[in-house]
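Everything below concerns the one structure shown next.
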Amino acid sequence: MAKGTPSINTNNLTAVQLMELDACTRCGECENWCPTYDATDKLPGISPRGKIKRWKEYMSKSHGLMASLFGPKQISDEEIQQFNDDLFQCTTCGVCGTVCEAGINTIELWESLRANLVKRGNGPYGKQSMFPKLIKEYHNPYMKDQASRLDWVPEDVTISDNSEIVYFTGCTAGYNQQILALATARVLTKLDVEFSMLGEDEWCCGSALVRTGQQHLEDTPREAARHNVDALKAKGAKKVLFACAGCFRAAKVDWPRLLNEELPFEVVHVTQFLADMIDKGKIKWEETINKTVTYHDPCHLGRHVGVYDEPRKVLQNIPGITFVEMDRIKDEQRCCGAGGGVKAGIPDLALGVATSRVTDAIKTKADILASACPFCRRNLSDGKDKLGADVEVEDVIVLTAKALGLSVE
Amino acid sequence: MSMEYFSGFTDALRITFVQMMIIAIIAIVIFLYGMILNMRKWGLGSTGYGLEPSSGSAMVFLKTLIAQIRSKGHGQPFLTTLVLDILLQRRILRRSPLRWFMHITMFVGWMALFIISLIMFAFEVLELIGFDANPAALRDMVSVPNDVFSYILLVGVIIAIIRRLFMTNVRENTIAYDSVLLVGLTLIVVTGFISDGIRNGTFWGLGLDYATAPPAALFHVVISLLFCIAYIPYSKYMHMLATPLTILANKGGE
Ligand code: HEM
Ligand code: SF4
Ligand code: SF4
């Protein structure tokens, strides 16, 4: 009796995720927190609750009771395309999942829906479609030469060939925000930490592909994860340090899942490493930073993995710093707006969210808005410039370097 | 042994047990059919992240669900989730104490009434098959708790209705999917009070003649069974099962 084929399929959605669509009680809590919904003046399509409702309806039209009795009801291509475009206006920050009264794992749901729609031919959005080709070909999204990965390394930094500690720079810090790589390398050197780096053998962590539902395209993230894990193993890594929250999340959560194995080393964010050094009394500060500082939790470090206290500990330990908290912190943090491919795909939206976050910081009267991720740093700086705000945006590692008397030039 | 039900009535005015059984069975069949359809729909999903979609069988869904609930990984222990996040509904409490109060009263009221009804039903069956279960005595015993839990449920429903009617933001976002649930619950509580009121000649009887008691009771039973059991898989009621299962699958949630 079935007429036609269903307009949508269930590619990439797990059976439990399909149930989650029916678990939404429409309490609306997610809407109160969603940073992109807020920054677009509550564009209805972007609402997390609204997206769940729509996909639930599509499921019912395609595979529900009536569909099984009388054949699926068609959904127009325009409608599905619109859904896709709305779905990509999301930074995968995950606050909707934290506050969800029904406990829905929304980050995974959004990423699965994205993969489904990429496979269907609707996704991703705008420039995000360049990621797979670039990352496959160049092993970084910025079309840079792999051989220049370590060009920024100054003479006063010694990089071992092999060591138990390896610093994974990440493409953004390695090519575009080298101040972060420089600060990290100098801090490690100052603290007498022997470390090595992958250099040419460091491939993009694949985060941008997983977040935008493109992990299946030519299997690039899995290949990259395999390559990186093997290269790190070859260096003798026991502990791999990350100063980029995006790479950190990818290594901690995505790599083991892509490879279906446990990693043979510990994945550590540099702020965790520093907090540990502080506990062990191994840090002797040399400078005072007489500033009021507030801290923005990167989604990928905080909510996605649960590292909240260590970056705060480092900041509070630096002499001179008066630490203040802003609204919406830790698991209830407001995203900076850069994640989930939004900075590349929908820069205006990223900027809109960033200005909201910088406004949160301004309200605390802080001199410095600190974070621990190159994406947050970049996007919050853009937000600050847009507002013409009198607040400095800086990374915890740069502040650490300065307090250790190091130059980051 | 007469096939009587609701022992409080005189011989001439009674709902027969057969009537009850038929409605109950119909309700359960509709419920099961809907549940199987839902589970088959969910069973179209894969058994894990990034895997191929499945055939659409209820078993695939159940296996995936159980595997996810039992899997290791971050999250809290099963019992903690069951007690704090499902029975005490901590996730709602964290967000809004008022909505928590509204919901916990609906949840406790509904569950208690459901369990009391089940026990009463079981006693009727026992009596029928020859045990000396004395359903009439049980009826008297549970009449107070029945009343209490009905009022508890009513409190929650009234708060929910007021929210949906008078809070602009909530009202604007209300769709039929939401309101049908509240209208239905209201109908059940009110018909319950009325049929009880007629029988006992109290305020809730609205001065109706005692002769209207059996049809009123029958009406209440029919809509309760149809609305509270049969309708579950086809409505927002589905959240009664899907929400706790989601919370368990995600080990308490993020
Ligand atoms: C006896 C079982 C239950 C009944 C009768 C029931 C009834 C309801 C009703 C009528 C609503 C809609 C209220 C409104 O938005 O106006 C609702 C919402 C909700 N239910 Fe249930 N429910 C039950 C079980 C559960 C369980 C076990 C959970 C999960 C632990 C749950 C979680 C929720 C949530 C999160 C909402 C949204 C509340 C809000 O708007 O803040 N429910 N429920
Ligand atoms: S993940 Fe963040 S941006 Fe995306 S829908 Fe949820 S709250 Fe909004
Ligand atoms: S918070 Fe969760 S249950 Fe509430 S509307 Fe959003 S997705 Fe649905």
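For the reader, a short list of remarks on this structure follows.
- Compared with the dominant principal axis of the Cα atoms in chain B, helix B:17-42 is inclined by about 10°.
- Dipole moment magnitude, nearest 20 debye, the range A:15-123 about Cα centre, only Lys, Arg, Asp, Glu C-beta charged: 320 debye
- Reach of A:LYS127 by Cα under 17 Å, taken over aspartates and glutamates that are not fewer than 8 positions away in the same chain: A:ASP85, A:ASP86, A:GLU137, A:ASP348
- Put in order of Cβ neighbour count within 10 Å, fewest first, the listed residues A:LEU258, A:LEU180, B:LEU128, A:LEU21 become B:LEU128, A:LEU258, A:LEU21, A:LEU180.
- Built amide H within the under 5 Å cut-off of A:HIS269, gap 5+: A:PHE242
- Cα-based helix-to-principal-axis angle, A:347-363 vs chain A, degrees rounded to 10: 50 degrees
- Normalised by the number of residues in chain B, the average gap of Cα pairs under 8 Å and 6 or more apart makes the relative contact order 25 percent.
- Using a cutoff of 8 angstrom between alpha carbon atoms and counting only pairs six or more residues apart, the relative contact order for the range A:26-162 works out to 19 percent.
- Note on chain A: antiparallel DSSP beta bridges, both residues inside, total approximately 0 percent of the bridges counted.
- Sorting A:367-374, B:74-81, B:29-36 by average packing, meaning the other beta carbons within 10 Å per residue, from highest down gives A:367-374, B:29-36, B:74-81.
- Two-decimal log10 I(q)/I(0) for the protein assembly as shown, as the Debye equation yields it once each C-alpha is a single scatterer, q = 0.05 Å⁻¹: -0.30
- The phi-based Karplus calculation (6.51 cos²θ - 1.76 cosθ + 1.60; θ = phi - 60°) puts the 3J(HN,Hα) values of the range A:175-191 at 10, 10, 10, 5, 4, 6, 5, 4, 4, 4, 4, 5, 4, 4, 4, 4, 8 Hz, whole numbers, x for Gly and Pro.
- In Hz, Karplus ³J(HN,Hα) per residue of the range B:115-127 (6.51, -1.76, 1.60; θ = phi - 60°; x = Gly, Pro): 5, 4, 4, 4, 5, 4, 4, 4, 5, 4, 5, 4, 4
- Counting only Cβ charges, +1 for Lys and Arg and -1 for Asp and Glu, the dipole size of the protein assembly as shown around its Cα centre is about 720 debye.
- Ranked by the mean number of other Cβ atoms within 10 Å of their residues, highest first, the peptides A:272-282, B:181-191 come out as B:181-191, A:272-282.
- Backbone amide hydrogens, once placed in the peptide plane, bring A:LYS291 within less than 5 Å of A:ILE321, A:THR322, excluding anything fewer than 5 places away on its chain.
- Bridging of A:LYS235 to lysines at a Cα separation below 24 Å is possible for A:LYS136, A:LYS144, A:LYS190, A:LYS252, once same-chain residues fewer than 8 apart are set aside.
- Peptide B:95-104 is shielded by partner chain Cβ atoms: per residue, an average of 2 of them sit within 10 Å of its Cβ.
- The mean sequence separation of alpha-carbon pairs under 8 Å and at least six residues apart, normalised by the residue count of the range A:1-52, gives a relative contact order of 29 percent.
- Residue-averaged [θ]222 nm for the protein assembly as shown, counting only DSSP H segments that reach four residues, each worth -39500 (n - 2.57): -16500 deg cm²/dmol
- In chain A, taking the dipole from charged Cβ atoms about the Cα centre, the farthest positive-side position among A:LEU387, A:LEU87, A:VAL166 is held by A:LEU87.
- The aspartates and glutamates within cross-link reach of A:LYS402, meaning a Cα-to-Cα straight distance under 12 Å and a gap of 8 or more places when in the same chain, are A:GLU286, A:GLU287, A:GLU394.
- Residue ranges B:204-217, A:244-257, B:147-160 sort as A:244-257, B:147-160, B:204-217 when ordered by packing (mean number of other C-beta atoms within 10 Å per residue, highest first).
- Remark: for residue pairs A:LYS239/A:LYS343; A:LYS233/A:LYS282; A:LYS233/A:LYS280; A:LYS53/B:LYS41; A:LYS61/B:LYS63, the C-alpha separation exceeds 23 Å in A:LYS239/A:LYS343; A:LYS233/A:LYS282; A:LYS233/A:LYS280; A:LYS61/B:LYS63.
- With N the number of residues in the range A:1-135, Rg(Cα) / (2.2 N^0.38 Å) evaluates to 1.07.
- Shielding by partners - mean other protein chain Cβ count within 10 Å, residues of B:58-66: 2
- Shielding of peptide B:244-252 by partners, expressed as the average count of other chain Cβ atoms within 10 Å per residue Cβ, is 6.
- Going from the residue with the fewest nearby Cβ atoms within 10 Å to the one with the most, A:ASP38, A:ASP348 rank A:ASP348, A:ASP38.
- Helix axis angle, B:58-70 relative to chain B longest principal axis, alpha carbon, degrees: 70 degrees
- Under the convention that each Lys and Arg Cβ holds +1 and each Asp and Glu Cβ holds -1, the size of the dipole of chain B around its Cα centre is about 1300 debye.
None of the figures in this text is laboratory data; all of them are computed from the coordinates on show. In this text, all values refer to a predicted model and were calculated from it rather than measured experimentally. Positions of Cβ are backbone-derived with ideal geometry, glycine not excepted, and every protein chain shown enters the neighbour counts.
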